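Data block below; observations after.
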Amino acid sequence: MPKTPPARRPFWFLGRRPETVQSDVDEELNVHLEMRREELTARGLSADAARHEALRQFGDLEGTREYCRRQGHEKEKRMRRLLMLDDLTQDLRISFRGLRRAPLMTLTIIATVGLGIGATTTIFSGVNASLLRPLPYRDPGQLVRIYTDSPPNKWHFSVADYLALQAQQTHFERIGGYSDRSMAFSDAGGAERLQGRIISWTFLGVLGVVPVVGRDFTELDSQPGRMSSVIVSQGFWQQRLGGREDVIGSTIRLDAIDHQVVGVLPPRVGPFVQGQQFFVAAQWSTPRRRGPFFIRVVARLRPDVSRAAAAEELRAISHRIFPIWRVSYQDEKATFAMMDLKEFVVGDVHTIAGLALASVALVWLIACTNASNLLIARVTSRRRELAVRSALGASRARVVRYLLAESSLLAMGSAAIGIAIAWGGVNLLRELATGYFPRAYAIAFDGQSLAVLIGLTAASALLFGLIPSVHGAGGPVDESLRSLGRSSTGSRAVRRLRRVLVASQFTIATPLLVTAGLLAVSLNELGRVDLGFDSRNILSGGIQLPNATYGEPQRAAAFWDDLKRRAEALPGVAGIAYADGRPPNDVGNINNFDLEDFPAGEGQPQPVAPWVSVTPDYFRLLGLTLLQGQIFDEREGQREQLEAVVVDRAWATRFFPGQSAVGKRFKEGGCTQCPWTTVVGVVSDVKYAGLEKPDEGSVYWPMGNDSNFRYIVLRTRTDPAAVLPGLRQVVRELDAGLPFSNVATVDELVARSLQRPRSLSLLVGSLALVALILSTIGIYGVMAYYVQQHTKDIGIRVALGGSRGALFRLVVGQGMKVVAAGIVVGLAAAFGLTRLMSSLLFGVSTADTLTFVAVGLLLSLVALIACAVPAKRAVGVAPAIVLRND
C-alpha cells in the first residue's frame, strides 16, 4: 500500500490580511460587471444604460460582495488553522527524533519533573479531601458545631445543657447530640469490642443521612425505659448480620443488653458517621447536676437566620440556664458558642497540609529549574541549526513555537510518569493517613486531581521551556552562522542565566532542608521525653463491664478481684494494677477543681488537670517515686465521697510553688456542696496528656469498686507478648462475653503517639533529599559545561606553567560563588518561612542555629564535591592533547 504523502503548504497560500481579501473580492466583482457591460454595449446599448442593465441583471451586488468577503475570511482562517496544525505536527515529529538522540537528558527531565508532578498531585488530593472539599451532606454550609466556650477551652455539653438548648432554641432547624462509645458485641462466634456512638434521635436528620434499609430513629426511641434501638453501619450489616434485610426488627446484644435493629446506613455516610459500627438511640433524662460533659452537639441553621442571630440566641440560652445549675457549675463567663462544622472536622491539620503541599511544590519547582538548565545547554549547542532556520525565513515566533513543542513533549512524558506516581501515591496516602488525618478515606485520584495534574503539566512546559525557547530564538543570525560549534556556547548571557537558575535551585532547596532538619530534631526530642517511669515490660489492655450484668458494685468488685488474683498467678507476671488512663496519651478524665487556698471566685473559671483513677499498687508497679506524704489505700476507693488524692510534682509546683502540697484541699468537679478533698501525697511526674504537652500536673484518685471500665496494667519479667495469651485466657474463663481490647505495651503506645510527627518528618525529609539531589545535579551540570567551555583556556594556562592547584581552586570557586549566593538567600527565606510551622515543633526553635548551620554546611559540602569532580578532570588533561584536538 503506497504511503500517503505528507501535507504540503499550498503554493498559492501566502497568508493574506483581511483588507487584501476585501480588495480581491471587489476586484473580482468589478471584472465580472465590466465584462457584462462590454457585452451589452456591443449589442447597441449606451455606456450608462449598459452599466445599469449589468447591475440589474447581477442582482444584490452588496449582498454578494459581503457573502464573498465572509467566505474568503472563513477560508483564510481555516487554512491558517490547518497549516498551524501541520506545523505543530511537524515540530512534534522533529522534536521527538531529536529527543530520542539525547536519551540521558530526556529521561532525566521526564523522571524528575514527573516525580514533582506526581508527588504534588498526590498531596493535593489529600489536602483537597480534607480541607477544600465541602462536607458530603445536604447544604453543608448550614451545619455547625455547638460547644461551651470557656477560653482557652471548648467543652462538650452536659445532658442539662443539651436538653435546655433543645427546648429553647428557635434559630436552628434541628439539633443533634452524640457521644462516642465502644461496646461489646456478642454472638455465637464470641465477643468483640466495636466503636459506636450514642446519638440523639435527631442526629442523623441534622446531617441528612437516611438509612437505606429500615428507618431512622423517632422521638419514641429516645424515651427512657423503652427497649434500646440501634442503627448499624453497612459494614456491620454485611459482615456480622449477613446482609439480610429481615434483620430489621431483630435484636443484637451490645454490652450484654438486647438492642432492636431498626435501620442500616448507606455505604458512604461522610466524616461524621464514617468508621462507626453502630448508633444507639440515646435515652437522656433530666440530670441532678450540670455534668458530666460528654455530649458533642451539631445543628443545622435555618436558611433565613443569620449566624450572628443564632450566636446571640446561644449566649442568651446559656445565661438563662446558668442560675439553675450554679451549685454544680461556677464558670459564669462560659457561654454557648458555635463554629462551622467543617472547621471542627478538619481540626488542626492546616499547618501540616500546607507544609506538605509546599514541600512537594518546591521539589517540583526545583525539577523544572533543573530541566530548564539542561534545555538551555541543549539550545545553546544548537544555535547554528536554529540560525539556519531563521535564515531560511522562519520568524522568531516560529522558532519559539518549535522549541516549545520539544518542551511540550517532555512535559507530556513527565505527565505520564506523574499519573503513575499519583495513582499509587493516592492509594498509599489514603492508607497511611487513616487515623490521624481527617477524611482520609475520601482521598482519591478524581477529576479535580486530574485537573491539577494537567495544570502542573502545562505549567511545567512553560517553566522549563519558555526561557530556553526565547533564548534559542534570539541573537543575530549572521553571528550564529559564523561561529563554530564550540565557541557558540560561550555567551556570557547564557552563563549568567544558567548560574541564576542553579542558584535558585539552592535557594528553593535550603528552606526545605531546614524544615526537614527542624522536624527531625523535633521528632528526636519527642522520642527522648521522659515518661517518668521504666516503660520496659509493661502491658495494658481495657475491659468494659456491661451494666446489665455488672450493675451491682459487689459483682463488679468480685470480677476485678478474681481477675487480679488469676493474672498475678500467671508465669512471668511481676505485678498487676488497675487504672482508667495510661501514658502517654490516654487521659482518664479532665476535671476542674477549686482550691481552698486560691479560690477561683464566683463566676470565674476553675483550673483543670488530668485525673487518673488508679488502685494503690499502680504507683509501685510503675516505679513512681513518693516525694512527699503517703499513698492512699484500698479503703479510700470504698468511700462514697472523694476524700484523699495523690498529685504529681508538676501539679504541686504549678499551684503551690516553694511549699508542700500535702494537706492542701479543694472541691472537685464544680461541686460546692461536696466535702473537701485532701492531697495526701506527691509522686514523680508521668505524661498522660501527650508527649508534646507541657507538664501541668495530674491528680490520682482512688478507683472505686463500682468502676466498670479499667485498664489492666501488668509488669512482666519476660517479653509481654509471651504473657498475653495466658491473660486473654483468664479473661475468657471469667466471662467469655467480655472483649479484652486496646492491648499494647507502653513502648507501642509511645510509637503510636509519634506516628503523626514521624510520618510528616519522613515525608518532608524524603522530599528534601530529592531536592538536594536535583540541586547537586544542577551545579554539576553547570560546572561540567563551564569546564568543557574553557578546556582550551585551561590547557594554555597549564602549558605556560600555571599551577594546577590554582586552576582547580579557580574552577571550583566559580561554582561555589553560585552555590553560596543561593544558600544565603535560602537561609534568609527559611528564617521567615519556618516561623509558620512553630506549632509542629517540640523542643526546638524555628530559628535553631545548629540546624541552620548544619544545612548550610551540608549544602556547601555536597556542592563542593559536585564542583570538584569536573574541575579535577579538567586540570588533569594533558595540554598537548587539548591544543592538538582544538
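Of everything in the range 723-761 that is open to solvent by 20 Å² or more (accessible area, probe 1.4 Å), touching a strand residue (DSSP E or B) at 6+ places or on another chain (Cβ under 8 Å) and aliphatic (A, V, I, L, M), the residue that is modelled with the lowest pLDDT is Ala736. Just checking, which of Leu691, Leu642, Leu624 is crowded, with 19+ Cβ neighbours inside 10 Å and under 27 Å from Glu332 (Cβ atoms)? The conditions single out Leu642. All conditions in (1) at positive phi; (2) of a type outside the set (A, V, I, L, M); (3) at pLDDT 70 or above hold for Gly475, with the sole exception of (3).
May I ask you to list the residues in the range 629-639 that are touching a Gly at 6+ places or on another chain (Cβ under 8 Å), surrounded by 14 or more Cβ atoms within 10 Å (Cβ to Cβ) and modelled with pLDDT under 80? Once the filter is applied, which keeps residues that are touching a Gly at 6+ places or on another chain (Cβ under 8 Å), surrounded by 14 or more Cβ atoms within 10 Å (Cβ to Cβ) and modelled with pLDDT under 80, the range 629-639 yields only Gly637.
Under 8 Å by Cβ, and 6 or more places apart or on different chains, what pairs join a residue from the range 444-462 that is more than 16 Å from Asn128 (Cα to Cα) with one that is open to solvent by 40 Å² or more (accessible area, probe 1.4 Å) and of a type outside the set (Phe, Trp, Tyr)? As it stands, the answer is Thr457/Met412; Ala461/Leu404; Ala461/Ser408, since those pairs meet every condition given.
Just wondering, is there one or more residues in the range 243-258 that are within 15 Å of Asp221 (Cα to Cα), open to solvent by less than 10 Å² (accessible area, probe 1.4 Å) and at pLDDT 90 or above? Checked the range 243-258: no residue is within 15 Å of Asp221 (Cα to Cα), open to solvent by less than 10 Å² (accessible area, probe 1.4 Å) and at pLDDT 90 or above. Does the range 152-172 include one or more residues that are under 29 Å from the mean Cα position of the chain (by Cα), within 25 Å of Phe709 (Cα to Cα), open to solvent by 20 Å² or more (accessible area, probe 1.4 Å) and at pLDDT below 90? Looking for residues that are under 29 Å from the mean Cα position of the chain (by Cα), within 25 Å of Phe709 (Cα to Cα), open to solvent by 20 Å² or more (accessible area, probe 1.4 Å) and at pLDDT below 90, one finds at least one in the range 152-172, hence yes. Determine whether the range 523-536 contains at least one residue that is under 27 Å from Ser182 (Cβ atoms), open to solvent by 20 Å² or more (accessible area, probe 1.4 Å) and in contact with a Pro (Cβ under 9 Å, 6 or more places away or on another chain). Yes, the conditions are met somewhere in the range 523-536.
Screening Ala868, Ala863, Ala829 for residues that are of a type in the set (A, V, I, L, M) and in contact with a Gly (Cβ under 8 Å, 6 or more places away or on another chain) leaves exactly one candidate, Ala863. Those strands (runs of 3 or more DSSP E) of the range 658-762 in which at least 3 residues are out of contact with any His (no Cβ under 6 Å at 6 or more places or on another chain) and among the polar types (S, T, N, Q), considering only elements entirely within it, cover 741-745. Is the range 421-442 home to any residue that is modelled with pLDDT of 90 or more, closer than 30 Å to Ala377 by Cβ and either in a helix (DSSP H, G or I) or touching an Asp or Glu at 6+ places or on another chain (Cβ under 7 Å) (or both)? Within the range 421-442, one or more residues are modelled with pLDDT of 90 or more, closer than 30 Å to Ala377 by Cβ and either in a helix (DSSP H, G or I) or touching an Asp or Glu at 6+ places or on another chain (Cβ under 7 Å) (or both). You will find that of Arg654, Arg620, Arg635, Arg565, the residue that is more than 27 Å from Asn708 (Cβ to Cβ), assigned to a helix (DSSP H, G or I) and not hydrophobic (A, V, I, L, M, F, W, C) is Arg654 and no other.
Of the residues making up the range 273-290, those that are open to solvent by less than 10 Å² (accessible area, probe 1.4 Å) and part of a loop (DSSP other than H, G, I, E, B) are Val273, Ala282, Arg290. The set of residues in the range 325-369 being touching a residue at least 40 places away in the same chain (Cβ under 8 Å), more than 30 Å from Leu840 (Cβ to Cβ) and open to solvent by 30 Å² or more (accessible area, probe 1.4 Å) consists of Trp325, Val327, Gln330, Glu332, Lys333. The set of residues from the range 218-240 being touching a Ser or Thr at 6+ places or on another chain (Cβ under 6 Å) and either crowded, with 22+ Cβ neighbours inside 10 Å or at pLDDT 90 or above (or both) comprises just one member, Asp221.
Would you check if Leu626 is modelled with pLDDT of 85 or more and under 46 Å from the mean Cα position of the chain (by Cα)? The answer is yes for Leu626. Put simply, of Ala579, Ala569 the only residue that is closer than 18 Å to Val647 by Cα and at pLDDT 90 or above is Ala579. Output the residues belonging to the range 836-849 that are farther than 20 Å from Pro694 by Cα and without any contact (Cβ under 8 Å) to a residue 12 or more places away in the chain. Answer for the range 836-849, where residues must be farther than 20 Å from Pro694 by Cα and without any contact (Cβ under 8 Å) to a residue 12 or more places away in the chain: just Thr849.
Residue count for the range 491-535 satisfying the condition of being over 33 Å from the mean Cα position of the chain (by Cα) and modelled with pLDDT of 90 or more: 0.
Rundown of residues vs (1) at pLDDT below 85; (2) crowded, with 22+ Cβ neighbours inside 10 Å, yes/no style:
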| residue | (1), (2) |
| --- | --- |
| Leu772 | no, yes |
| Gly795 | yes, yes |
| Ala806 | yes, no |
| Gly815 | yes, yes |
| Leu833 | no, no |
| Ser845 | no, no |
| Val855 | no, yes |
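Kindly indicate which of Val388, Val379 is over 30 Å from the mean Cα position of the chain (by Cα), modelled with pLDDT under 75 and buried (at least 21 other Cβ atoms within 10 Å of the Cβ). Explain how you work it out, then say what you get.
Numbers: Val388 fails: buried (at least 21 other Cβ atoms within 10 Å of the Cβ).
Answer to the check: Val379.
The C-beta contact set for the range 746-772 (first residue closer than 22 Å to Thr716 by Cβ, second residue open to solvent by 30 Å² or more (accessible area, probe 1.4 Å) and assigned to a helix (DSSP H, G or I), distance under 9 angstrom, 6+ apart or interchain) comprises Val750/Gly527; Ala751/Arg758. Counting only residues that are within 21 Å of Val298 (Cα to Cα), open to solvent by less than 30 Å² (accessible area, probe 1.4 Å) and in contact (Cβ under 8 Å) with a residue 60 or more places away in the chain, the range 188-217 holds 11 of them.
For first residues located in the range 298-311 and of a type in the set (S, T, N, Q) and surrounded by fewer than 17 Cβ atoms within 10 Å (Cβ to Cβ), partners that are part of a loop (DSSP other than H, G, I, E, B) and modelled with pLDDT under 95 and lie 6+ apart or on another chain with Cβ distances below 9 Å form the pairs Ser306/His171.
The values are calculated or read from the model by the stated rules, or taken from the named source; none is laboratory data. Bear in mind that the values here come from a model prediction, so they are computed numbers and not experimental data. Because the Cβ atoms are built from the backbone with ideal geometry, glycine has one as well, and the counts that use them run over all protein chains shown. Each accessible area value is taken on the protein alone, full model and side chains, heavy atoms only, with ligands, DNA and RNA left out. Shrake-Rupley method; radii C 1.70, N 1.55, O 1.52, S 1.80 Å.
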